[in-house]
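Structure below; questions to follow.
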Amino acid sequence: MEPIVEIVDLRVAFDGLPVLHGVDLSIRRGESVGMVGESGCGKSVTWLAALGLLPQRARTAGSVRLAGEELLRAPASCLDKVRGGRIAMIFQDPASALNPVHKVGDQIAEVLRLHRGLERHAAKAEARRLFDQVGIPDAARRLDAYPHEFSGGQNQRIMIAMALAGRPDVLIADEPTTALDVTIQAQILELLQQIQRETGMALVLISHDLGIVGEVCERVLVFYAGRIVEEAPVDRLFAHPSHPYTRGLIGALPSLERPQRRLSAIPGVVPSAADLPSGCAFAARCELRVERCAQWAVELSSVSVDCGHKAA
Amino acid sequence: MMAAPLLQADGLVRHYRLRHGTFGHSAMVRAVDGLSLLLERGETLGLVGESGCGKSTTGRLLIGLERPDAGTINFAGETMPPEGHARWRRLRTRIQMVFQDPLGALNRRLTVGTQIAEPLDIHRLGCKSERAERVNVLLADVGLRPDHAARYPHELSGGQRQRAVLARALATDPDLIVCDEPVSALNVSIQAQVINLLADLKDRRRMAMIFISHDLRVVRQISDRIAVMYLGRIVEEGLSDLVLRDPLHPYSRALVSAVPVPGHRRERTILRGDPPNPAARPSGCAFHPRCPAALPLCAQIVPELRLSRNGTAGRLPHR
């Protein structure tokens, strides 16, 4: 099937400093893809660049196609239709993504007017339906409340309702549960999966927690220092991780079920974008390092073609 | 007779007054509401629960940074003296605390070495050359290099800063460290390094630890026993593996089942509603509005902490 989003050789540099070194990825309709990696590895920047949300000083190159249509050098009017419409994004901190001085119902109605051309009454009815869909009780009354009157988990539900208002083909959820308690995290992850089943939209879940991604997603992309180092179906990734960084991440994840053992920590720290080593960026922390790692960055190549497992 | 436990807290209560607006009526927040616990030498107790359950207040009470409104704390057989008292200051060489944000805990204008030596200076331990020697040993203990002593906090990575904070906490060779979310702000690969370091330190020094965290996976990795808190009370307590494998209290069960497990789509108990507001504590068992097993009686009577077959104690629902 034709992918809904196709990103080819996406590169981003801030003030001449490259932070994304050529990312290729494609998202199929209705699929759930996880993006994992540590802070600063390029997970979020990939989507901010794709949607033209980076500041002026960022230089972007490559190609981002949404259903065949190029977004990277598209005019603002075209991007306005895409953002919040065909591709919606939700973030870690819902309270700062919502406008504190407007009623939440009005904020959702605004999206419905902009992207679906709904009039006042139709927008209100639709907003109420969306509130019901994301599980906010007493929707009719709560539409007139302000963001501070809701809890963190409810605000994230409102953000999800707002993201759904434009009937997106793709929902990008960037660390959607990181600021929430574990019981509320379970509620939100359940809600995202349920909505994905109901609407058939694709879900991209960005998280630093392999556990969350492993539970929600079918396919996982592992990022390190601005590159994808491994890509595989989720079961395959946990059973046969290929890249030493992926193995390190899995080994560093404490578990509730495995017999208790010492965590296999990855030594050292992630190199900063300003002093990235030549060759493979992971070499300095890698157990399997050989001499030529300092010269070449290994390209992503297929480990197993039939299940789409690729590793650098 | 057995030696006294290292730390014993009985019936701790800490209430805060919360005022709504300038003229609004004030409400009572019962942050800690009748909490008892016991810690043996060299033992690690994990304290888990949602935000607002009173974990951090408990930690602050246990090291004497706050006075309980009721209840007693005994450390090594002696009652906890009031904060600022000479005896309390002496006691502080034996109890230390580590917080979530290492940058906030360090002074940005002092070198790491100076700050690690600070507890030694304050408590007048050793002469000048001994202190410098001790700083080097402490740096090595937490996996930092001697040249890190001359650096400033902003020159270190997040993981290195947390190591520096740990080195400072270890300077006086304490018997107890209270760690409040010590790895929550760190990246996964760095988090594993610091957890391993804490595990090594407690083994090597036979130091007791209270480990406060919202992450059950991390708590299990380091704790001998776990206490689950809900709205200022312990609802279940027992050996880590027993509590996590076979939780008795419906709240512990929901917490355990909420932990994401990769590639494992299982049936889970998803709690309805939000973490409760400590200023509006439900009557009876505080958990009853969210409890999947609640009975009418639960709204009236607080269940007692009961011992179960394997030594795990829990406030069980009425049967």
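The values are calculated or read from the model by the stated rules, or taken from the named source; none is laboratory data. Small disclaimer: the values here were computed from a predicted structure and weren't measured. Don't worry about glycine lacking a Cβ; one is built from the backbone with ideal geometry, like all the others, and counts go over all protein chains shown. Remember, those area values only see protein heavy atoms, side chains included, never the ligands or the DNA or RNA. Shrake-Rupley method; radii C 1.70, N 1.55, O 1.52, S 1.80 Å.
Considering only segment B:284-297, how many residues are open to solvent by less than 70 Å² (accessible area, probe 1.4 Å) and either assigned to a loop (DSSP other than H, G, I, E, B) or in contact with a helix residue (DSSP H, G or I) (Cβ under 7 Å, 6 or more places away or on another chain) (or both)?
If we filter segment B:284-297 for residues that are open to solvent by less than 70 Å² (accessible area, probe 1.4 Å), which is where we start, we get B:284-288, B:290-291, B:293-294.
With either assigned to a loop (DSSP other than H, G, I, E, B) or in contact with a helix residue (DSSP H, G or I) (Cβ under 7 Å, 6 or more places away or on another chain) (or both) added as a condition, the list becomes B:284-288, B:291, B:293-294.
Of the residues in segment B:284-297, 8 are open to solvent by less than 70 Å² (accessible area, probe 1.4 Å) and either assigned to a loop (DSSP other than H, G, I, E, B) or in contact with a helix residue (DSSP H, G or I) (Cβ under 7 Å, 6 or more places away or on another chain) (or both).
Going through segment B:98-133 one residue at a time, which ones are assigned to a helix (DSSP H, G or I), among the polar types (S, T, N, Q) and either open to solvent by 50 Å² or more (accessible area, probe 1.4 Å) or in contact with a His (Cβ under 6 Å, 6 or more places away or on another chain) (or both)? Let's see the steps before the verdict.
Applying the first criterion (assigned to a helix (DSSP H, G or I)) to segment B:98-133 yields B:102-105, B:112-122, B:128-133.
From the residues that got through so far, the ones that are among the polar types (S, T, N, Q) too are B:114-115, B:129.
B:Thr114, B:Ser129 - these are the residues of segment B:98-133 that are assigned to a helix (DSSP H, G or I), among the polar types (S, T, N, Q) and either open to solvent by 50 Å² or more (accessible area, probe 1.4 Å) or in contact with a His (Cβ under 6 Å, 6 or more places away or on another chain) (or both).
Still on this structure: Scan the strands (runs of 3 or more DSSP E) fully inside segment B:1-79 and keep the ones with 1 or more residues being open to solvent by less than 10 Å² (accessible area, probe 1.4 Å) and over 17 Å from B:Met209 (Cα atoms).
On the way: elements: B:7-19, B:26-39, B:44-48, B:70-75.
In segment B:1-79, B:7-19, B:26-39 are the strands (runs of 3 or more DSSP E) which contain 1 or more residues that are open to solvent by less than 10 Å² (accessible area, probe 1.4 Å) and over 17 Å from B:Met209 (Cα atoms).
A:Lys81: open to solvent by 60 Å² or more (accessible area, probe 1.4 Å) and touching a Leu at 6+ places or on another chain (Cβ under 8 Å), yes or no?
Details: open to solvent by 60 Å² or more (accessible area, probe 1.4 Å): yes; touching a Leu at 6+ places or on another chain (Cβ under 8 Å): no.
Against the criterion (open to solvent by 60 Å² or more (accessible area, probe 1.4 Å) and touching a Leu at 6+ places or on another chain (Cβ under 8 Å)), A:Lys81 does not qualify.
Still on this structure: So which of A:Ala252, A:Ala265, A:Ala273 is facing another protein chain (nearest Cβ under 7 Å), within 24 Å of the chain's Cα centre (by Cα) and not hydroxyl-bearing (Ser, Thr, Tyr)?
Values: A:Ala265 fails: within 24 Å of the chain's Cα centre (by Cα); A:Ala273 fails: facing another protein chain (nearest Cβ under 7 Å).
Checking each option against the conditions leaves just A:Ala252.
Could you say whether any residue in segment B:262-282 is at pLDDT 85 or above and hydroxyl-bearing (Ser, Thr, Tyr)?
No - not one qualifying residue is present in segment B:262-282.
In addition: Has segment A:139-152 got any residue that is away from every other protein chain (no Cβ under 14 Å), surrounded by fewer than 22 Cβ atoms within 10 Å (Cβ to Cβ), part of a strand (DSSP E or B) and in contact with a Phe, Trp or Tyr (Cβ under 9 Å, 6 or more places away or on another chain)?
No, because not a single residue in segment A:139-152 is away from every other protein chain (no Cβ under 14 Å), surrounded by fewer than 22 Cβ atoms within 10 Å (Cβ to Cβ), part of a strand (DSSP E or B) and in contact with a Phe, Trp or Tyr (Cβ under 9 Å, 6 or more places away or on another chain).
Now a separate question. Within segment A:155-169, how many residues turn out to be within 14 Å of chain B (Cβ to nearest Cβ) and farther than 12 Å from A:Asp132 by Cα? Don't jump to the end; show me each part of the working.
Step one: filter segment A:155-169 for residues within 14 Å of chain B (Cβ to nearest Cβ), giving A:155-158.
Subsequent filtering for residues that are farther than 12 Å from A:Asp132 by Cα retains A:155-156.
The total comes to 2.
When you go through A:Arg73, A:Arg157, A:Arg167 one by one, which is the residue that is touching a residue at least 24 places away in the same chain (Cβ under 8 Å), of a type in the set (Lys, Arg) and outside any helix (DSSP H, G or I)? Please lay out each step first, then the result.
On the way: A:Arg73 fails: touching a residue at least 24 places away in the same chain (Cβ under 8 Å); A:Arg157 fails: outside any helix (DSSP H, G or I).
Every option except A:Arg167 fails the conditions.
How about segment A:243-296: which of its residues are of a type in the set (Gly, Ala, Ser), touching a residue at least 24 places away in the same chain (Cβ under 8 Å) and under 24 Å from A:Arg219 (Cα atoms)? Spell out how you get there, then give the answer.
We begin by selecting, within segment A:243-296, every residue of a type in the set (Gly, Ala, Ser); these are A:248, A:251-252, A:255, A:264-265, A:268, A:272-274, A:278-279, A:281, A:283-284, A:294.
Okay, now just the ones that are also touching a residue at least 24 places away in the same chain (Cβ under 8 Å), so A:248, A:272-274, A:281.
Listed by number, the residues that qualify are A:Gly248, A:Ala281.
Also, quick follow-up: Condition first: outside any loop (DSSP other than H, G, I, E, B) and surrounded by 14 or more Cβ atoms within 10 Å (Cβ to Cβ). Now tell me which residues in segment B:138-161 satisfy that. I'd like the intermediate steps shown before the answer.
Start the filter on segment B:138-161 by keeping residues that are outside any loop (DSSP other than H, G, I, E, B), which leaves B:138-141, B:146-150, B:153-155, B:158-161.
Listed by number, the residues that qualify are B:Leu138, B:Leu139, B:Asp141, B:His148, B:Ala149, B:Pro153, B:Gly158, B:Gly159, B:Gln160, B:Arg161.
When the residues of segment B:162-195 are filtered to those that are in a helix (DSSP H, G or I) and among the β-branched types (Val, Ile, Thr), which remaining residue is farthest from the other protein chains (Cβ to nearest Cβ)? Lay out the reasoning, then the answer.
Within segment B:162-195, the subset in a helix (DSSP H, G or I) is B:162-170, B:188-195.
Narrowing the set further to residues that are among the β-branched types (Val, Ile, Thr) leaves B:165, B:188, B:190, B:194-195.
Details: B:Val165: 17, B:Val188: 5, B:Ile190: 7, B:Val194: 8, B:Ile195: 6 Å.
Of everything passing the filter in segment B:162-195, B:Val165 is farthest from the other protein chains (Cβ to nearest Cβ).
If you go through segment A:188-211 one residue at a time, how many are within 13 Å of chain B (Cβ to nearest Cβ), open to solvent by 10 Å² or more (accessible area, probe 1.4 Å), touching a Ser or Thr at 6+ places or on another chain (Cβ under 9 Å) and over 22 Å from A:Cys41 (Cβ atoms)?
1
I'd like the full set of residues that are open to solvent by 10 Å² or more (accessible area, probe 1.4 Å) and either basic (Lys, Arg) or within 14 Å of chain B (Cβ to nearest Cβ) (or both), limited to segment A:170-187. Let's see the steps before the verdict.
We begin by selecting, within segment A:170-187, every residue open to solvent by 10 Å² or more (accessible area, probe 1.4 Å); these are A:174-175, A:178-182, A:185, A:187.
A:Glu175, A:Thr178, A:Ala179, A:Leu180, A:Asp181, A:Val182, A:Gln185, A:Gln187 - these are the residues of segment A:170-187 that are open to solvent by 10 Å² or more (accessible area, probe 1.4 Å) and either basic (Lys, Arg) or within 14 Å of chain B (Cβ to nearest Cβ) (or both).
Let me ask something additional. Name the one entry in A:Gly248, A:Gly214, A:Gly268 that is open to solvent by 20 Å² or more (accessible area, probe 1.4 Å) and either at positive phi or assigned to a helix (DSSP H, G or I) (or both). Show your work before the answer.
Working: A:Gly248 fails: open to solvent by 20 Å² or more (accessible area, probe 1.4 Å); A:Gly214 fails: open to solvent by 20 Å² or more (accessible area, probe 1.4 Å).
Within the list A:Gly248, A:Gly214, A:Gly268, the selection yields A:Gly268.
A follow-up question, please. What residue, among those in segment B:231-283 that are assigned to a loop (DSSP other than H, G, I, E, B) and of a type in the set (Ser, Thr, Tyr), is nearest to the other protein chains (Cβ to nearest Cβ)? Spell out how you get there, then give the answer.
Quick first cut of segment B:231-283, residues assigned to a loop (DSSP other than H, G, I, E, B) only: B:231-232, B:246-249, B:259-283.
Add one more test, that the residue is of a type in the set (Ser, Thr, Tyr), and what stays is B:269, B:283.
Details: B:Thr269: 9, B:Ser283: 21 Å.
Once the filter is applied, the top-ranked residue is B:Thr269.
Do we find a residue being within 17 Å of the chain's Cα centre (by Cα), modelled with pLDDT under 95 and assigned to a helix (DSSP H, G or I) anywhere in segment A:103-118?
Just the residues of segment A:103-118 that are within 17 Å of the chain's Cα centre (by Cα), to begin with: none.
No, segment A:103-118 contains no residue that is within 17 Å of the chain's Cα centre (by Cα), modelled with pLDDT under 95 and assigned to a helix (DSSP H, G or I).
Every residue, every condition in (1) in a strand (DSSP E or B); (2) among the polar types (S, T, N, Q); (3) buried (at least 17 other Cβ atoms within 10 Å of the Cβ), yes or no:
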| residue | (1), (2), (3) |
| --- | --- |
| A:Leu20 | yes, no, yes |
| A:Ser26 | yes, yes, no |
| A:Met35 | yes, no, yes |
| A:Gly40 | no, no, yes |
| A:Thr46 | no, yes, yes |
| A:Ala49 | no, no, yes |
| A:Gln56 | no, yes, no |
| A:Arg59 | yes, no, no |
| A:Ser63 | yes, yes, no |
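OK, next. Could you look through segment A:217-241, keep only residues that are under 19 Å from A:Gly22 (Cα atoms) and within 12 Å of another protein chain (Cβ to nearest Cβ), and pick out the one that is surrounded by the most Cβ atoms within 10 Å (Cβ to Cβ)? Show your work before the answer.
Step one: filter segment A:217-241 for residues under 19 Å from A:Gly22 (Cα atoms), giving A:220-232.
The next check asks that each one be within 12 Å of another protein chain (Cβ to nearest Cβ); those that pass are A:220, A:222, A:224, A:232.
Working: A:Val220: 26, A:Val222: 28, A:Tyr224: 25, A:Ala232: 25.
That would be A:Val222.
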